Each structure stands twice: as structure tokens, then as C-alpha cells.
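Every number here is computed from the coordinates shown, using simple stated rules; none is lab data. All values derive from a computational prediction rather than experimental measurement. Counting neighbours? That spans all protein chains shown, and the Cβs are built from the backbone with ideal geometry, glycine included.
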Amino acid sequence: MQSKRNTQSAKSPLGDLGAYPETLDYLYSQMPEYQRIGHSAYKPGLDNSLRLDKIFGEPHKKYKTIHVGGTNGKGSTSHLLAAILQQSGYKVGLYTSPHLVDFRERIRVNGKMIPKEFVVDFVAKYRDDVEPIMPSFFELTMEMAFLYFAEQKVNVAVIEVGLGGRLDSTNIISPDLSVITNIGKDHEKFLGDTLPQIASEKAGIIKSGIPVVIGEVDDKAVKQVFIDKATTVDAPIFFTETEMNNLTAKRTEIGWIFNNKQYPDLHGALTSFAQEKNAKTVLTAVEQLILLGYDIPKQAVYSGFKNVVQLTGLAGRWQTLAETPKTVCDIAHNEHGIRYIVEQLKTEKYRKLHIVFGMANDKDTRAVLSLMPKNAVYYFTKASVERALNEKTLAEQATAFGLYGETFETVAQAVKHAQKNADENDFIFIGGSSFIVADTLPMFI
């Protein structure tokens, strides 16, 4: 743990941007981040968050909130809702995790990242107050977001759940609407090893009298978990497959075209297969927000779907990085998410498929590897975080599933070798972990 003497520069006055990297070093070392080092940094429960919240004067109560949980699709759903609300004339806060390139991606107002000055000043001003609580990185940065949104006087903030729901730090808020995108196996160490167990944890964000939108549900037992929880707390519950059962979807090279009576020819700029389910979830949420009194014109929905990347800075969702050879990255990192990736790869045209691949060391690698295409050249690698699975270990596990390729110590080396080996008619996919994407994006900026 870093000593105060070694972090005195974090107490530099507001505006000293030279202190920003040192401030981040302090946050990462003093409040270890789960995303980087794994379960040892995870602090379940709301006690720390409630104690921090009192220090900052419960800032999240100064504006409306929307709470978004689920296994996959939380980020896309949150960004789409933020874009639509922004285009409706609201001043919108957006809190998501993890970040890919810049820490400030986590905290945005109307698409603009939190200023470095605010991050530096926040730590300098409050570190002596918060250190005795020993919060996690996520708990403290969540409060940073809440306070920033209050100072910016946002009308509404879209808050993405970090991990789980019931014991997640963000569950201290009382939102206007809760959204649960889907349930898949992930973080079993904390959430349980069956889908109903995981659903029960995710259902923890369902609160008394507050409507909840449930996205993709393929399991009857999971659906019943949500129904039972909503019934217990008297929360109106809406399943997107029922609410949007008349929505058709057609995928094109420039994105999805959705159609129903209410939203004919709705163009979604996000191109991944998962976005069909996400669109239903978002549109159901929009309808509920309108019933709650939000003023959301149809044109705002169209503009939000079409311009979500430009409006919110969303990245890493079947993102095209280069056209020749076509190179795409995606942050899908578990069995549920990888299924969509594999299906999408089947629709691409190429001479040879190259896959730059790495995973975190706490994921079900065998479940993921069993899904991966065998007709590909693999470049196994590891991201620059402690949670990254060793590339040689991954390659050894992959051989059991008929997947073969070389190993590389860094993502940059793996990407460069894939680019060297691929011709203009080939296809390069980069993924397996958000950390792999995070290490990749700077190469293409």
C-alpha cells in the first residue's frame, strides 16, 4: 500500500494536471481495483458505500437515477439510454465500468468525461476522510461520480451496476427505473454457480414500488426469480420479450434496422448481434420512463440509437478498427457474450480468420474455448493487468478444443503478428476480455 509521504503530489491544488497520473496511481494502490487484480479487491456489501455517502452528503439524491444491471449488455444499454435522454434535452450523467483507455470514461456528463482537475481535487480534498473507511476503488470512484453529477446539476444519471446487484455499491440509490439486461454465468465465485442463484443476486436491485424492465430471459427458473422478487416488493415488472414482441430486426453493414408500429425504420449504429436484444430492452425502458413522466420525443430515440457512439463515447462493442484487412474488437468475455461473437463471425466473409485472444484468470475458460471457431489461426496473449491469464496456459487449454496458434507476451505483439500474417481479404478478431480490447485500442487511435 502506498504511503502518504509517497503520494503527497496527490494533494496538489486544483488544476495541477501533473498530479493526475499520480492521483490515479494513488487510487489504484490505496484502493485496489477488482478489474485489475480480481477477487482480493472485491468488497461486497453496502456498509462502506453508505459511510462514504454520508461524508459526501448523499449526492445521488439530488437528481433522478436509472439503475442498469445484468450479466452482459449493461454498458450498451446504459449508453443508449443516456444518448436518448441527452437528445431529449436532459443533462445526463453516465456512470459505467470498467474503462478501456482512460479512467475518466467511467464518469461522463452529456458524453464528456469528468475533467482531470476534478479527479485530482477530489482525492486531495477527501482522502483523509475516506482512508479510515478503506473503500474499494469502485466504491470511491462511484462516490466521485455521484458528487460530480450533483455539482454539474444533472437532471438524471444512468448508473451501471458493477458486479451482481444485491451487494453492489451502486445499490444505495433509489432509482426511477431498474433495468436487468440478461443473466449468464459470470463471477460465479461471488454470485453463485447456477443461473437462478446469479439471477437472485442481480434481482437485488429490484426495489419496493419501483418498476423494473427485464431483458433477455431464456430460462424459466430465472424468470420466476424475477417475478417472485418483484411480487415480494410490489414492483411493477416488464419483460421485453412481451413488451416488444412485435419488433423486427434486420442487420446491415452499417448497423441494425428495427421496425415496429411505434418505431418504424429505427437505425441502430451498434452492429453486434447482441444489440438486437439490447434494443428491445432499451425501447421497453424508454416506454416506462415516458409513463413515469419523462419527456422523450420519438426523434430523440432515433437520434440516440443512430449517434450513440458520438454522443456517449461508447467503444469496444464489435468495433471496426481497420478495413484492410478488416479488424474488429469486442469486449465479450464470458460464455453468454462469446456465443454472440461466434455467431457473428460466421456471417463475415474472409479468406482466413485470425483471432487475437486472451482472457482473465477468473473466467470459465473451458466454456468459452469450447465455443470458439476451429477454422482460425490463434494468437494467444495476455493483457497488462494482474488478472490476465498466462498466454501459454491459455494456449495449452485451447489445444483440448482443437484451437492452435502462437503465444505472445503482450497484446501489441499479438496484434502486430496477426496484421503481418493477414492479407487484405482476411479477417482479424481481437477479444476474449475487455482488458485485451483496452490494450488494443491505443494502437488504432
Checklist entry - Of all trypsin sites (Lys or Arg not before Pro) in the stretch 365-403, which ones are in loop regions per DSSP and have a Cβ with at most 13 other Cβ atoms within 10 Å? => result Lys374
Checklist outcome for this item: Here the gain from full extension of Ile445 to Thr242, 0.36 nm per residue of separation minus their alpha-carbon distance, amounts to 69.0 nm
Checklist outcome for this item: For the table Lys202/Lys352; Lys220/Lys392; Lys346/Lys416, the rows whose alpha-carbon distance is greater than 32 Å are Lys202/Lys352; Lys220/Lys392
Checklist entry - What order do you get for Leu292, Leu80 when you list them from fewest to most C-beta neighbours inside 10 Å? => result Leu292, Leu80
Checklist entry - Counting other C-beta atoms within 10 Å, which of Phe380, Phe444, Phe427, Phe122 has the fewest, and how do the rest follow? => result Phe444, Phe427, Phe122, Phe380
Checklist outcome for this item: In terms of the alpha carbon gyration tensor, root eigenvalues a ≥ b ≥ c, rounded if a/c is under 1.5 and otherwise prolate when a/b exceeds b/c or oblate, the stretch 211-348 is oblate
Checklist entry - Which loop trypsin sites (Lys or Arg not before Pro) in the stretch 240-326, with loop taken from DSSP, have no more than 15 other Cβ atoms within 10 angstrom of their Cβ? => result Lys261
Item to check | For the chain, built as a Gaussian network whose Cα springs stay under 10 Å, the top-fluctuating residue of Asp423, Asp168, Asp330 | outcome: Asp423
Checklist entry - When the Karplus curve 6.51 cos²θ - 1.76 cosθ + 1.60 is applied with θ = phi - 60°, which whole-Hz ³J(HN,Hα) does each residue of the stretch 350-366 get, with x for Gly and Pro? => result 7, 7, 9, 9, 10, 10, 8, 9, x, 9, 7, 7, 10, 9, 7, 4, 5
Item to check | Cα gyration tensor shape of the stretch 319-443, rounded if a/c is under 1.5, else prolate or oblate by comparing a/b with b/c | outcome: rounded
Checklist outcome for this item: Taking the chain and counting helices only, DSSP H stretches of n ≥ 4 at -39,500 (n - 2.57) each over all residues, the nearest-500 ellipticity at 222 nm comes to -11000 deg cm²/dmol
Item to check | Other-chain or far-sequence residues with amide H under 5 Å of Gly268's (modelled H) | outcome: Trp256, Ile257, Phe258
Item to check | Neighbour-limited loop hits for trypsin sites (Lys or Arg not before Pro), the stretch 125-176 (at most 16 other Cβ within 10 Å; DSSP other than H, G, I, E, B) | outcome: Lys153
Checklist entry - Of all DSSP beta bridges in the stretch 80-238, what percent run antiparallel (nearest 5)? => result 35 percent
Checklist outcome for this item: Exposed GluC sites (Glu not before Pro) being those in a DSSP loop with at most 10 other Cβ atoms within 10 Å, the longest stretch of the chain free of them is 1-252
Item to check | C-alpha center-to-center spacing [the stretch 359-395, the stretch 81-157] in angstrom | outcome: 32 Å
Next on the checklist: Taking every DSSP beta bridge with both residues inside the stretch 319-443, roughly what % is antiparallel (nearest 5)?
Outcome noted: 20 percent
Next on the checklist: Please report the antiparallel percentage of the DSSP beta bridges confined to the chain, to the nearest 5.
Outcome noted: 30 percent
Checklist entry - Of Lys229/Lys261; Lys54/Lys125; Lys261/Lys298, which ones are farther than 20 Å apart at the Cα? => result Lys229/Lys261
Item to check | Stretch gain in nm, segment Asp295-Arg366, where the contour uses 0.36 nm per residue and the Cα spacing is subtracted | outcome: 20.9 nm
